[in-house]
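The values are calculated or read from the model by the stated rules, or taken from the named source; none is laboratory data. Keep in mind that this is a model prediction, so the values were computed, not measured. All Cβ positions, even for glycine, are placed from backbone atoms using ideal geometry, and neighbour counts span all protein chains on display. The area values use the complete protein model at the heavy-atom level, side chains included, leaving out ligands, DNA and RNA. Shrake-Rupley method; radii C 1.70, N 1.55, O 1.52, S 1.80 Å.
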Amino acid sequence: NVFSYTEYQGCIGGSFCIPHPTMGHSPLSVGGKAYGTPFAGEAQISRNGRYVYNALLFPVSSFPAGNNTVELHDLQTGMTVRPPVQPASSRQAVTSDGRVLGFDPQTRALILWGPQGGQSLTTSEQPAIAIINDAGTWVVYQTVQTLATYHLRALQLSSGRDVLLASSATGFDASISNDGNLVTYLAVPGIAQVTQVFTIHPDGTGKAPLT
């Protein structure tokens with residue numbers, strides 16, 4: 001019964017159309033009723049509906065980093081904190097116990113941040129986008145593009161094991177189940193071919209097409 005969406009304001013030509021995050025905000029409803037004023041930027045909700053993680057990020061080339069807004073709202077206690085990270089993804093980056101997955105704004109290192117502090121995560125390649133399962137046991141990330149190729153990898157937090165799941169020239173739009181047992185991702189076999197959906201375990205086993 002917790003729902004949010006992001007509204008974007010259109011722009012028609014001119015220098016004003018340089019990407020500007022104040023063009024987006026996210027209304028929230030709880031139990032069918034509006035909850036306060038809309039959150040700045042894009043918002044995502046934890047799987048249990050308790051936490052809302054929203055971010056308003058300004059273009060680095062145009063605005064100082066201090067103008068950014070990153071907030072974590074606890075709908076149960078009414079408390080709001082400002083994690084010192086930028087969301088690693090616009091979805092599946094906040095767990096039901098209030099931990100958030102993000103990037104260090106300076107180094108772009110991947111960090112799992114919680115009220116007790118942050119945990120730096122060591123990855124085999126540079127992540128561009130990352131998501132985390134609700135139990136906080138696996139992080140799945142898409143790498144930055146190298147030689148016209150993206151990699152999809154899974155990082156097991158307990159052991160530090162980093163597994164290559166797939167390679168693609170187009171990216172993956174991956175998701176991970178709450179328990180971390182299954183990853184789904186998109187794959188484009190070739191030019192003018194139909195996009196396929198695959199499932200795979202984060203340890204790299206059990207790859208199968210979703211039919």
**Prompt:** Out of the residues in region 90-118 that are in contact with a Phe, Trp or Tyr (Cβ under 9 Å, 6 or more places away or on another chain), outside any strand (DSSP E or B) and open to solvent by 10 Å² or more (accessible area, probe 1.4 Å), which is nearest to Ala128 (Cα to Cα)?
**Reply:** Ala109
**Request:** For Gly98, state whether it is at positive phi and touching a strand residue (DSSP E or B) at 6+ places or on another chain (Cβ under 8 Å).
**Result:** yes
**Message:** Restricting to region 127-165, name every residue that is among the small types (Gly, Ala, Ser) and outside any loop (DSSP other than H, G, I, E, B).
**Reply:** Ala128, Ala130, Ala154
**Request:** Those residues that are open to solvent by 30 Å² or more (accessible area, probe 1.4 Å), more than 15 Å from the chain's Cα centre (by Cα) and at pLDDT below 95, I need them from region 152-187; list them, please.
**Result:** Ser167, Ala169, Thr170, Leu186
**Prompt:** Take the residues of region 50-70 that are at pLDDT 95 or above and not hydroxyl-bearing (Ser, Thr, Tyr): which is surrounded by the fewest Cβ atoms within 10 Å (Cβ to Cβ)?
**Reply:** Arg50
